[in-house]
Every structure is written in structure tokens, then in C-alpha cells.
Amino acid sequence: MKLVLSALIALLFACGADAQNLAIVNATVYVSPQAPAQHGLTVLIRDGKIVAVGMHVLVPDGTNTLPCNGCVVLAGFWNAHIHFMEPKWDDAAHQPAEKLAGQIDSMLTHSGFTTVVDTGSDGENTIALRRRIESGEVPGPRIYTSGPPIFPAHALPFYLDGISAELRSKLGQPETPPEATAFVDKNLALGTDIVKLFTGSIVKPNQITPMAVPIAKAAVDEAHRHGQLVFSHTSNLEGTRVAVESGVDVLAHAPEETSGIDEPLLRTMMAQRMTMIPTLKLFSRDDNIAQIRAEVSRFHALGGRLVYGTDTGFLPDYDQGEEFRQLTQSGLGFREVLAMLTTSPAELFHVASHEGKVESGMNGDLTVLTADPASGDPAAFTKVLYTIRGGRVIFRAK
């Protein structure tokens, strides 16, 4: 079986070198979340970039053409809150390529993700994994990573009790602002892309320890000095206030304790151009899930930016269906959810000039579905036929 899988991986990469030139013919295309569906279109990718989208596109001889038969083509999906923290990612630099490819398939690419944001992991492992993906050795999405997060001093979350001593030693728990600055610089030296703070750390069930504002602000200021976004797990009102006062860019979750998260605070967050990642699946069994959905819905209604993310990798269940169902229950239509998956994260990461739409000049990152999410069925977003990154097929439904 291992030899068969290795042969399939080798075949994938043999095809992948040519697959930077790719055509999808007779497709339904949403060029952006706001655009109407256009039917019978061809999307042509050359050298990893979209060069044409239209009804009468000439496909050059020898171009790899994917069967479509009315499939739905969207810009490549982002998942802006995942983790490479499970033991199976340990020693990613030396694991067999086919093993990593299978793990990435089951966790990410089968759901259409062409770009992911790791918001907390062993940075050395995650950067080694990214390096192997970018070299073409392992098919996978583009990875942004925070490396190890920063926690309040002596206040690791109780649910991290089971992590290894080695990983625990890498987690930041600064006691002073200079220590926070130094930890950000240490992660930067590893090659990380963002900073992740726990401005509200759940040290015991029903007990949350906030990060001191001067420590959070020192980390934020250093990250911003280097052009990095700062994500924060806030947990409750106090943690959210720390995030607001310190200038955090992104709430990595909707605050799960909703008491005090009122409209004036949401308006302040919006005025500071903060972004929220709901991660509603994480809270879907909580007694107050309706209140968390209302919090997300109100933030969006006020003009706040929402970006898609699920805590995949912390949650061992990789299915995305519940997140889409919860977002629909929050009153978000398919176009709003599609923006969360495409244009909104591209704008957040300042790559909207070449990511997030199906237009000429954009990167050839596409998610191709067998169902149209305009149908009103949130599960349509999970019906992935192909995941394409830079013109290479990195997932193909069997």
C-alpha cells in the first residue's frame, strides 16, 4: 500500500509541474463574492496565474484541462484559524512526503483550502512543513504561521496540560514588556508571519486570567513595527478590552463569554478596524451559542470584517459543515460567507491585488465545487471537487 501511495504522489508531482498551465471548461464562475454567477465559462491559468476568464477563451494545445460539467469555480478558500499542533506533525522536516501529503489532504485541502493561517504551533515544525510544501515536494496550501503563542505570565490554558515538555518550554509567558518584545523578535527570527496573544487565558474551567495591557501592547507594537498582524484569543470581556487597548488586529475567536460584549464595545472594535474570526463550530455545543452567534451577527451588521476560521487542528474533527451551518444560523448569506473565505482574508493580509477573486492577473488559486452555494444549502461549500493552488491540483475528489 505504501508503494502504491508513493507512486500516486510521484504521479501527482509529475503532473503538477505541467499543471501550472490549466484550463477549467464549461464552469459556473463567481469572479467575486458580489458578482452574479456566470455559466459556461472557461478559466485559463498559465504559469500559475489566471490569464483569462470567459466564454470564448482559446485553450492552447497541450494545456491540462479538467473535466467540469457545470462545476462551480470560486477563488481559493482561506482558513484563517488552524493549528499544526497535533503530534502527527512532529519532526515535519523528516517525515515521509507521502505521509505529510495524506495528513494535509484529510485536514485541509479536501475542504478547498489554498491558504491557511496557523495561529499557534511549534514554529520549527510548521516552518519545516511550509518549506517542503513550497519546494513542491509535498502538495499543500500556502501557510502563514504565528509559531508559539504568547500567554499571560504563569497562566497557560488548562487544556494545554497534555502538551509535551519540549513544546511547553517554547511557549511565551513574558512577565515584563521587554520580555514580550524579545519573544516576538525570537519568533520573527524563526520566520513567522503573525503574532498570537492570549489576552484572556482560560486557566481553569470558568476562570480566565487576562494579559497585562503593557505586556500585550509591547508585543503588538513590536509586531506592527515589523509589519505583522496580531491575533488574540480574548475569551471574555476583560480579555477583549486588553485586545482593544493594546491595538490587536484580529480576534481569533468570537469571545465565548458574551457578558459585557455590548454594542459600544463592538463599535469601538469596528472603529479600530479589528477583524473577527467567529470559529462558531468550536462553541456549537455551548449553552450560549445563540448569544455568540448574535455577537458575530451584530459585529458584522455594524460593518466589522469577518474572516473564516475553525480552529481545525485543535479540533480533531476536520469537517467544515458545522461551521457553515452556524454561520448561516447567524444570518449570513452565501455571498457573505464566500467573502469570509476569499476577499476578506486577502484584504486582511494585504494580498488582495493577487488573491481572492477569479480574474485575469490573479494567482491561480481556485476552489471548485460540485454544488452551487447560492442554493441556500450551507453544505454546498463542503462539496469540493478540486483544490487548485497556483495552477496545480493539490486535491481531487475521488
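The values are calculated or read from the model by the stated rules, or taken from the named source; none is laboratory data. Predicted, not measured: the structure shown is a model, and the values here were computed from it. Cβ coordinates were reconstructed from backbone atoms using ideal geometry, including for glycine residues, and neighbour counts include every protein chain displayed. Protein only, heavy atoms only, side chains kept; ligands, DNA and RNA dropped before computing areas. Shrake-Rupley method; radii C 1.70, N 1.55, O 1.52, S 1.80 Å.
So if R0 is 35 Å, what FRET efficiency would residue 225 and residue 159 give, r being the distance between their Cβ atoms, rounded to the nearest 0.05? Before the final figure, lay out the partial values.
Details: r = 32 Å, r/R0 = 0.91.
It comes out at approximately 0.65.
In a solvent-free Debye calculation with one equal scatterer on each Cα, what is log10 I(q)/I(0) for the chain at q = 0.09 Å⁻¹, listed in the order of the q values?
-0.52
For the stretch 34-49, take each phi angle, set θ = phi - 60°, evaluate the Karplus expression 6.51 cos²θ - 1.76 cosθ + 1.60, and give the result in whole Hz per residue in order, putting x for glycine and proline.
After applying 6.51 cos²θ - 1.76 cosθ + 1.60, I find 8, 7, x, 5, 10, 9, x, 8, 10, 10, 10, 10, 10, 6, x, 10 Hz.
For the stretch 231-313, place one equal point scatterer on every Cα, skip the solvent, and apply the Debye formula. What is log10 of I(q)/I(0) at q = 0.13, 0.23 Å⁻¹?
Reported log10 I(q)/I(0), two decimals: -0.33, -1.11.
Could you derive backbone 3J(HN,Hα) for the stretch 128-136 from the dihedral phi with the Karplus parameters 6.51, -1.76 and 1.60 (θ = phi - 60°), listing whole Hz in sequence and x where the residue is Gly or Pro?
Here the 3J(HN,Hα) series is 5, 4, 4, 4, 6, 5, 5, 6, x Hz.
Provide the FRET efficiency to the nearest 0.05 for the residue 359-residue 284 pair, computing r from the beta carbons and using R0 = 30 Å.
Numbers: r = 35 Å, r/R0 = 1.16.
Step by step, r from the Cβ atoms, then E = 0.30.
Mind jotting down the distance between the C-alpha centroids of the stretch 314-365 and the stretch 245-287, whole Å?
18 Å
How large is ³J(HN,Hα), in whole Hz, for each residue of the stretch 258-266 in order, when computed from phi with the Karplus curve 6.51 cos²θ - 1.76 cosθ + 1.60 and θ = phi - 60°, using x for Gly and Pro?
8, 4, x, 7, 9, 4, x, 5, 4
What FRET efficiency would be calculated for the residue pair residue 94, residue 371, taking the C-beta separation as r and a Förster radius of 51 Å, to the nearest 0.05?
Rounded to the nearest 0.05, the efficiency is 0.80.
Dimensions of the stretch 94-145 along principal axes (Cα, Å, largest first)?
Here the Cα extents, ordered largest to smallest, are 24, 22, 16 Å.
How big is the equivalent ellipsoid of the stretch 48-106 along its three axes, where each semi-axis is √(5λ) from the Cα gyration tensor, reported in whole Å from largest to smallest?
Working: eigenvalues 246, 50, 24 Å².
Taking √(5λ) for each Cα gyration eigenvalue gives 35, 16, 11 Å.
Take the alpha carbon gyration tensor of the stretch 204-251, find the square roots of its eigenvalues, order them as a ≥ b ≥ c, and report rounded if a/c is under 1.5; if not, report prolate when a/b exceeds b/c, else oblate. Could the numbers behind the result be given before it?
Working: a/c = 2.53, a/b = 2.06, b/c = 1.23.
Prolate shape, in that a/c is at least 1.5 and a/b is the bigger ratio.
Using only protein heavy atoms and a 1.4 Å probe, report how much of residue 353 is accessible, in Å² to the nearest 10.
The accessible area comes out at roughly 100 Å².
Any idea of the accessible area per residue across the chain, 1.4 Å probe, to the nearest Å²?
Result: 40 Å² per residue.
Per DSSP helix of 4 or more residues, -39500 (n - 2.57); summed, then divided by the residues of the chain. What does that give at 222 nm, rounded to the nearest 500?
-10000 deg cm²/dmol
Measure off, as a whole percent, the carbon and sulfur share of the 1.4 Å-probe accessible area of the chain, all protein chains present.
C and S fraction of accessible area: 54 percent.
So which trypsin sites (Lys or Arg not before Pro) in the stretch 180-288 pass both tests, a DSSP loop state and at most 16 other Cβ atoms within 10 Å of the Cβ? Don't skip to the answer; put the middle values down first.
Numbers: sites: 186, 196, 217, 225, 241, 267, 273, 281, 285; in loops: 273, 285.
Here the trypsin sites (Lys or Arg not before Pro) that fit, given the DSSP loop and packing criteria, are 273, 285.
Under the rule of at least 5 residues apart or a separate chain, name every residue whose amide H is placed under 5 Å from the amide H of residue 305.
276
Kirkwood hydrodynamic radius (Cα pairs, Å) of the stretch 279-398?
Hydrodynamic radius (Kirkwood, Cα pairs) of the stretch 279-398 is 15.5 Å.
Once fully extended, how much extra length lies between residue 58 and residue 207, figured as 0.36 nm per residue of separation less the alpha-carbon to alpha-carbon distance?
In short, 47.4 nm is gained.
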